[in-house]
Amino acid sequence: MEISANTAEKNAKIYTLYSGSSGNSVFIRSGSSAILIDAGMSARSIEKALNAIGESLASLSAIFVTHDHSDHVRGIEVISKKHHIPVHAPNSCAPYIKCCEDCFFTHPPIFRCDVGGLEISSFVTPHDSHGSVGYTVCGDDISFALATDLGFMTDAVMEQLCGCSHVVLESNHDIPMLLSGPYPPQLKDRILSRYGHLSNDDCADSVAVLARNGAKAILLAHLSGENNRPELAFRSSMAALDSCGVRGVALGVASPDRPTRLL
Ligand SMILES: [Zn+2]
Ligand SMILES: [Zn+2]
């Protein structure tokens, strides 16, 4: 469920390359600057996805890491060693991320970087890793935010997302599917906890707030393969959009294994 390119502005591009428990990566280009947020698949898989959208690893200016879970950092070591791309991560995650030392830049949880005219800022997300952040990316033709892997929507996270025109937001699980599904009780508890993942219902509540605060396009992301269906995630957030009375917000669902365009 890709969002049509009717929101394209100048030459900015935003794609999820992969999204879900098997691996996550988001590509953002504005002008001559191109970045990834997370590289949670093999270098080869990420290169393949980039090639499919007319890009390549060699053209990246930087990679920003949200947290140290393998579905977000799996490709970092090979990519950084082969291509010497600067990798930025929260310092609490650094000991758990394998990366070319010369390319590794670690920061306090809340930090800001300029990459060729793009301003990238982090914000803290509640999640059970060694530190977890989301990012906003702002430039002449882009105002974007990403928040995945969060147990609940905090006021501080919502404050960062509000006002961004393009948002990638977690819609991880359908609660009844999770509760009746095959996961062991401890894993269900972890996913449902305040440091787990955002449910379709919680995502939908946030989508309604974003729609009233400037969002033009929202891509639902990090769907569980076991405890969700794209149509359930989409229906929850679409119902929230309908009931909040805001028209014209494009809603899509990120594919787990192929590039999905947001902008
Ligand atoms: Zn995680
Ligand atoms: Zn994840």
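In this entry, Asp202 passes the filter for residues that are under 19 Å from the mean Cα position of the chain (by Cα), part of a helix (DSSP H, G or I), modelled with pLDDT of 95 or more and more than 26 Å from Lys13 (Cβ to Cβ). Quick one: how many residues across the stretch 39-75 are within 20 Å of Leu150 (Cβ to Cβ) and more than 16 Å from ligand 2 (Cβ to nearest atom)? Going through the stretch 39-75 one residue at a time, the tally reaches 0. Inspection of the stretch 57-76 identifies at least one residue that is touching a Cys at 6+ places or on another chain (Cβ under 6 Å) and either of a type in the set (A, V, I, L, M) or modelled with pLDDT under 95 (or both).
When residues in the stretch 215-255 are screened for being part of a loop (DSSP other than H, G, I, E, B), among the hydrophobic types (A, V, I, L, M, F, W, C) and closer than 30 Å to Asp189 by Cβ, 2 of them pass. Consider the stretch 154-183 and keep the residues that are within 16 Å of ligand 2 (Cβ to nearest atom) and either surrounded by fewer than 16 Cβ atoms within 10 Å (Cβ to Cβ) or of a type outside the set (Phe, Trp, Tyr) (or both). The one that is nearest to Ile35 (Cα to Cα) is Val168.
When Val87 is tested against (1) within 16 Å of ligand 1 (Cβ to nearest atom); (2) free of Cβ contacts under 8 Å to residues at least 40 places away in the same chain; (3) within 18 Å of the chain's Cα centre (by Cα), exactly one condition is not met: (1). Against the numbered list (1) within 16 Å of ligand 1 (Cβ to nearest atom); (2) farther than 24 Å from Asp257 by Cβ; (3) in contact with a helix residue (DSSP H, G or I) (Cβ under 6 Å, 6 or more places away or on another chain), Lys216 comes up short only at (1).
Of all residues in the stretch 52-68, one or more are in a loop (DSSP other than H, G, I, E, B), buried (at least 18 other Cβ atoms within 10 Å of the Cβ), β-branched (Val, Ile, Thr) and within 16 Å of ligand 1 (Cβ to nearest atom).
In this structure, does Ile85 turn out to be closer than 15 Å to Phe27 by Cβ, more than 16 Å from ligand 2 (Cβ to nearest atom), among the β-branched types (Val, Ile, Thr) and not in a strand (DSSP E or B)? Spelling it out, Ile85 is indeed closer than 15 Å to Phe27 by Cβ, more than 16 Å from ligand 2 (Cβ to nearest atom), among the β-branched types (Val, Ile, Thr) and not in a strand (DSSP E or B).
Please verify whether the stretch 98-106 includes one or more residues that are under 19 Å from the mean Cα position of the chain (by Cα) and either over 20 Å from Ile28 (Cβ atoms) or more than 16 Å from ligand 1 (Cβ to nearest atom) (or both). Taking every residue of the stretch 98-106 in turn, none turns out to be under 19 Å from the mean Cα position of the chain (by Cα) and either over 20 Å from Ile28 (Cβ atoms) or more than 16 Å from ligand 1 (Cβ to nearest atom) (or both).
The values are calculated or read from the model by the stated rules, or taken from the named source; none is laboratory data. Model, not experiment: these values are computed from the prediction. All Cβ positions, even for glycine, are placed from backbone atoms using ideal geometry, and neighbour counts span all protein chains on display.
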